[in-house]
Amino acid sequence: MKIKQLLIFFIFLFSFLEIALRIIKPDAFEFYRLQKQFHSYNDEYLVDLEPNVNIRLTHFQNVFDIHFSTNEKGYRGTKPIDNTKPQIGCIGDSVTMGFGVSDEDTFCSELDGFIDSSETSYQSINLGVDAYGPSAIERKLSEQIPTLNLKLLYYFPSNGDDIDEANFYSKMNNPFSKKIFKYQFLASKYSYLFLATKVTQEQLVYRFRETFLQPIDTAYITYHCIMDIQKDFKCPNTSILGYFKSYLSDFKRAPKSPKNQPPIFGPDECQRENEEHPIPESVYVSTKKIISLANKNNIKIVLFLAPIDIETAYCSQKGKSHKFYNYSMTLKKFLIKEKIDFIDLNEYTSLMKDEEGRINARPYYIIGDGHYTEIGNKWVLDIIKKKTMEILH
Amino acid sequence: MLFNSLQFFIFIFILIPIFFQSSSKNQKRLLFYFSLYFYSCLKIVFVPLLFFSFLITHYTSLGIYSFPNKLYKKLFLYINLFINLGLLVLFKYADFLRNIEYDFFNLIGLSNEVHPESLGFILPLGISFYTFQAIAYTVDVYRQKLIPEKKFFDFSLFLLFFPQLVAGPIMRASELIHQFNEKKYWNTDRVLIGLGIITLGYFKKTIIADPIANLIQPIYSNPLHYNWISNLTALFLFTIQIYCDFSGYSDIAIGTGKILGFEIPKNFERPFLATSVTMTWRRWHISLSSWLKDYVYITLGGNRVSPLRNMFNLFLTTVIGGFWHGANWTFIIWGSINGFLNVVEKYFMDKNWDRFFDPIPKPMKILYSFLVFMMGAHFFRSDSVHSTFISYKQIFSFADGMDGEMFSLKIFVPVLVLIGYEVLEEIKILSNIKNSNVFNYLKLPLYAGVLILCFMIYTVVSSPQFYYFQF
């Protein structure tokens with residue numbers, strides 16, 4: 001009897017939650033669910049984009065509100081593939097795919113219709129998919145290049161590639177993990193409840209850190225700084241009176257800072273010297289494979305090292321470098337050694353200017369995110385366009 | 001700490017087992033320290049202010065009680081009122097009053113040219129609630145209806161008690177203090193009832209009020225860009241939002257109290273099913289209405305004065321009720337509209353003219369009360385009188401414009417569920433359903449379902465604050 005009751009309890013509970021979620025569509029989950037809807041499972045490179053998608057994606061905190069479409073082959077954008085035209089391909093992760101901007105605002109889509117010196121018009125093809133590392137890219141290119149008419153390929157390696165690679169191989173090298181990933185991917189795609197549970201579980205860890213561990217840390221640091229106890233962290237240059245004043249200032253509303261103010265970081269944000277970033281061997285191997293694949297198919301390939309976070313851009317603008325830049329810097333050494341054509345976009349960050357003409361990276365990045373805004377994509381586009389002119393004229 | 005935060009879920013899960021394992025004395029201590037922690041999490045800077053108000057209230061009330069001389073009693077009462085109301089005015093109304101002063105002198109041509117800068121004070125959370133509660137305590141002592149608590153700890157627990165601290169209900173000492181002295185035991189039936197009330201509260205807040213707030217925001221920011229249907233729908237939805245937000249908070253407070261063994265009186269009694277504006281006000285924010293009645297209306301003379309003065313008292317009390325909600329002309333107008341309607345209805349009742357309305361079907365009366373409340377609620381939401389009139393203009397001129405994105409099942413299904421629930425409760429069928437076997441089977445998964453849903457939503461995104469926190 002008790003088992004029966006328990007069974008009824010859980011059946012009703014799960015059904016209620018699944019139906020309720022589908023009716024009320026909470027903004028936070030809907031954002032993740034829609035993203036899941038335009039992704040598909042792929043046995044070769046784990047994740048791909050679904051073909052023929054056309055959805056509106058609104059960030060749950062109204063950070064952006066965009067249209068996301070894919071064509072018949074699952075490439076970002078609506079234009080069907082036209083192999084009668086020569087093509088310029090862009091491949092990389094979410095930055096290339098254009099997370100947070102509409103189809104027409106990704107830098108790759110804006111290359112569409114590029115006309116070279118012989119008046120030939122090119123079609124641009126966005127092969128980017130979020131969370132792609134070099135190995136997934138190499139596999140996808142091997143599969144897709146024969147079906148396309150690519151003449152030029154822009155590849156955007158990214159800071160997080162080492163993590164993406166580790167995740168990729170943890171699944172590809174272990175059939176059980178791969179199977180689990182497949183089932184959880186499909187379950188979270190088709191069950192709202194499963195997706196909500198997964199997102200909640202991921203956020204719970206973050207929330208716990210933010211809600212409980214950070215305040216303890218702050219209290220610990222404040223106490224040690226006030227009491228001037230030996231410590232291995234830096235204290236703000238503040239007296240007890242300073243702390244008291246800052247306490248009193250809490251009674252007042254903080255003045256509203258105007259939109260797109262230049263970011264303010266601490267003096268230690270930008271390092272003086274770069275350090276090597278350990279890059280997994282598979283990144284180098286896959287990068288070489290991507291190059292040789294392009295060469296074999298007579299495709300000119302150029303790599304772009306992009307600052308995918310505001311901190312890196314900020315430090316680059318100050319003529320210094322951020323620790324997040326270490327990955328690009330290490331990869332850059334490899335590219336130079338291998339004589340691979342690349343452009344370091346970090347060198348162009350001084351072109352990031354706001355409406356008032358100040359050097360300011362703020363409007364170029366989605367707030368709280370590492371992705372480019374519409375204007376950020378334009379900034380990348382301007383540099384790519386110049387390179388494209390050089391190559392195709 | 002907000003009721004709609006991850007912190008609160010953990011807070012309550014830690015408190016409950018320790019609370020019921022403790023002795024009566026320790027239960028009080030636990031409630032005190034947990035309440036203090038609850039308030040500190042909101043903004044620690046306001047804790048000293050809170051205790052300053054408590055200290056003043058405690059000692060002036062003891063003074064009133066101890067001194068036989070009426071003059072001294074009055075002196076202590078005025079000190080209490082001056083300081084408590086002074087703090088409220090400083091933090092809540094100072095900027096508004098300075099603006100009025102500036103506008104007035106500007107009008108008569110004696111103005112300085114520079115508009116006064118905002119003092120920029122943050123409104124201490126719960127100040128409107130605990131100030132009224134503290135005043136009620138002192139006035140009750142003054143009126144010899146209450147013997148003040150001797151110990152500061154016992155007194156401050158009454159004001160600090162976390163379920164009602166930040167957004168009410170505004171409880172009276174006679175309702176609450178005696179409950180702290182009784183040892184509380186775990187009672188599964190009572191806990192289940194409390195859980196049911198909490199579930200309803202979270203349903204109202206998370207599933208109805210918060211999504212509505214997001215959807216109507218663009219329309220209230222720019223009513224001129226939207227057509228009349230969108231403006232009207234936004235107004236309807238805002239009325240539902242404000243009800244669900246505030247009554248949702250009250251429900252969570254009442255349910256939490258219930259689980260811990262405390263009886264917190266109902267603050268809302270299905271106000272939108274009332275058949276007159278007067279009845280709507282009697283069912284809306286009951287603890288505030290009864291506070292205003294006891295400490296403003298009666299102090300002004302109540303109905304023991306001439307009919308005209310009585311009408312004025314009623315009007316003024318309602319205006320004060322409106323002004324309590326916020327330092328803006330919009331709230332004064334909102335209070336005035338409702339005050340005027342209350343006076344008109346009272347006049348009709350006094351003359352026994354209300355019998356002419358008897359043949360009108362009840363649903364029509366409900367519709368009238370709701371529509372009147374809804375139209376007034378516009379002042380409640382708008383930032384300025386001007387933007388309220390823009391919106392009214394859009395509605396009444398059937399203006400064209402953009403369509404708002406509000407017409408979705410995600411909003412209207414939960415709203416209809418709530419309306420159905422309240423109607424069943426109003427016609428007294430709900431209790432039969434609640435006693436049925438089917439409901440007994442399903443209530444636990446239903447409560448669990450709603451609570452899990454809310455927990456998941458709060459984990460992923462910070463929910464907006466409760467609307468009444470700004471009061």
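The values are calculated or read from the model by the stated rules, or taken from the named source; none is laboratory data. Computed from a prediction, not measured in an experiment: that's the story for all the values here. Heads up, the Cβs are rebuilt from the backbone with ideal geometry, glycines too, and the neighbour counts pull from every protein chain shown.
Looking only at helices (runs of 4 or more DSSP H) that lie completely in the stretch B:166-230, which have at least 3 residues being under 15 Å from B:Ile252 (Cα atoms) and assigned by TED's automatic domain parsing to the domain that holds B:Lys410?
Numbers: elements: B:173-180, B:188-202, B:210-221.
Because the criterion is at least 3 residues that are under 15 Å from B:Ile252 (Cα atoms) and assigned by TED's automatic domain parsing to the domain that holds B:Lys410, the helices (runs of 4 or more DSSP H) in the stretch B:166-230 that meet it are B:188-202.
Yes/no per residue for (1) within 14 Å of chain B (Cβ to nearest Cβ); (2) surrounded by 18 or more Cβ atoms within 10 Å (Cβ to Cβ); (3) in contact (Cβ under 8 Å) with a residue 40 or more places away in the chain:
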{"site": "A:Arg33", "(1), (2), (3)": "yes, yes, yes"}
{"site": "A:Gln37", "(1), (2), (3)": "no, no, yes"}
{"site": "A:Tyr41", "(1), (2), (3)": "no, no, yes"}
{"site": "A:Leu46", "(1), (2), (3)": "no, yes, yes"}
{"site": "A:Pro51", "(1), (2), (3)": "no, no, no"}
{"site": "A:Asn54", "(1), (2), (3)": "no, no, no"}
{"site": "A:Asn62", "(1), (2), (3)": "yes, no, no"}
{"site": "A:Asp65", "(1), (2), (3)": "yes, no, no"}
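Matching residues to (1) hydroxyl-bearing (Ser, Thr, Tyr); (2) at pLDDT below 90; (3) under 30 Å from A:Asn149 (Cα atoms):
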residue: A:Asp309; (1), (2), (3): no, yes, no
residue: A:Thr312; (1), (2), (3): yes, yes, no
residue: A:Lys320; (1), (2), (3): no, yes, no
residue: A:Phe324; (1), (2), (3): no, yes, no
residue: A:Thr330; (1), (2), (3): yes, yes, no
residue: A:Glu338; (1), (2), (3): no, yes, yes
residue: A:Asp341; (1), (2), (3): no, yes, yes
residue: A:Ile359; (1), (2), (3): no, yes, no
residue: A:Ile367; (1), (2), (3): no, yes, no
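Looking only at helices (runs of 4 or more DSSP H) that fall completely inside the stretch A:137-217, which ones have 1 or more residues that are crowded, with 18+ Cβ neighbours inside 10 Å and at pLDDT below 90? Walk me through how you get there before you give the answer.
Values: elements: A:161-172, A:175-190, A:192-208.
It comes to A:161-172, A:192-208.
Taking the stretch B:40-53 as the range and being crowded, with 20+ Cβ neighbours inside 10 Å and closer than 17 Å to B:Asp154 by Cα as the test, the residues that pass are B:Leu50, B:Ser53. Can you find a residue in the stretch B:283-291 that is free of Cβ contacts under 8 Å to residues at least 60 places away in the same chain and either surrounded by fewer than 16 Cβ atoms within 10 Å (Cβ to Cβ) or in contact with a strand residue (DSSP E or B) (Cβ under 6 Å, 6 or more places away or on another chain) (or both)? Within the stretch B:283-291, none of the residues are free of Cβ contacts under 8 Å to residues at least 60 places away in the same chain and either surrounded by fewer than 16 Cβ atoms within 10 Å (Cβ to Cβ) or in contact with a strand residue (DSSP E or B) (Cβ under 6 Å, 6 or more places away or on another chain) (or both). Only one entry in A:Pro263, A:Pro280 is surrounded by 11 or more Cβ atoms within 10 Å (Cβ to Cβ), over 28 Å from A:Ile367 (Cα atoms), modelled with pLDDT of 75 or more and more than 13 Å from chain B (Cβ to nearest Cβ), namely A:Pro280.
In the stretch B:134-142, is there at least one residue being within 17 Å of B:Val47 (Cβ to Cβ), surrounded by 17 or more Cβ atoms within 10 Å (Cβ to Cβ) and not aromatic (Phe, Trp, Tyr)? Show your work before the answer.
Restricting attention to the stretch B:134-142, the residues satisfying the condition of being within 17 Å of B:Val47 (Cβ to Cβ) are B:134.
Now drop any that are not surrounded by 17 or more Cβ atoms within 10 Å (Cβ to Cβ), which leaves B:134.
In the following step, the residues that additionally are not aromatic (Phe, Trp, Tyr) were identified as B:134.
So far as the stretch B:134-142 goes, yes, one or more of its residues are within 17 Å of B:Val47 (Cβ to Cβ), surrounded by 17 or more Cβ atoms within 10 Å (Cβ to Cβ) and not aromatic (Phe, Trp, Tyr).
A residue that is facing chain B (nearest Cβ under 10 Å) and among the basic types (Lys, Arg) can be found somewhere in the stretch A:11-23. Regarding the stretch B:449-463, can at least one residue be identified that is at pLDDT 85 or above and more than 14 Å from chain A (Cβ to nearest Cβ)? No, there is no match, as no residue in the stretch B:449-463 is at pLDDT 85 or above and more than 14 Å from chain A (Cβ to nearest Cβ). Evaluate the following for B:Leu31: is it crowded, with 19+ Cβ neighbours inside 10 Å, under 25 Å from B:Gly261 (Cα atoms) and either without any contact (Cβ under 8 Å) to a residue 40 or more places away in the chain or more than 14 Å from every other protein chain (Cβ to nearest Cβ) (or both)? Against the criterion (crowded, with 19+ Cβ neighbours inside 10 Å, under 25 Å from B:Gly261 (Cα atoms) and either without any contact (Cβ under 8 Å) to a residue 40 or more places away in the chain or more than 14 Å from every other protein chain (Cβ to nearest Cβ) (or both)), B:Leu31 qualifies. For the stretch B:372-443, the helices (runs of 4 or more DSSP H) that sit wholly inside it and include 2 or more residues that are within 14 Å of chain A (Cβ to nearest Cβ) and either at pLDDT 85 or above or surrounded by 13 or more Cβ atoms within 10 Å (Cβ to Cβ) (or both) are B:409-426.
Hey, does the stretch A:77-92 have a residue that's surrounded by fewer than 20 Cβ atoms within 10 Å (Cβ to Cβ), hydrophobic (A, V, I, L, M, F, W, C) and within 30 Å of A:Ile384 (Cα to Cα)? Yes, there is a match, as at least one residue in the stretch A:77-92 is surrounded by fewer than 20 Cβ atoms within 10 Å (Cβ to Cβ), hydrophobic (A, V, I, L, M, F, W, C) and within 30 Å of A:Ile384 (Cα to Cα).
Is the stretch A:86-103 home to any residue that is among the small types (Gly, Ala, Ser), over 17 Å from the mean Cα position of the chain (by Cα) and within 14 Å of chain B (Cβ to nearest Cβ)? No: zero hits.
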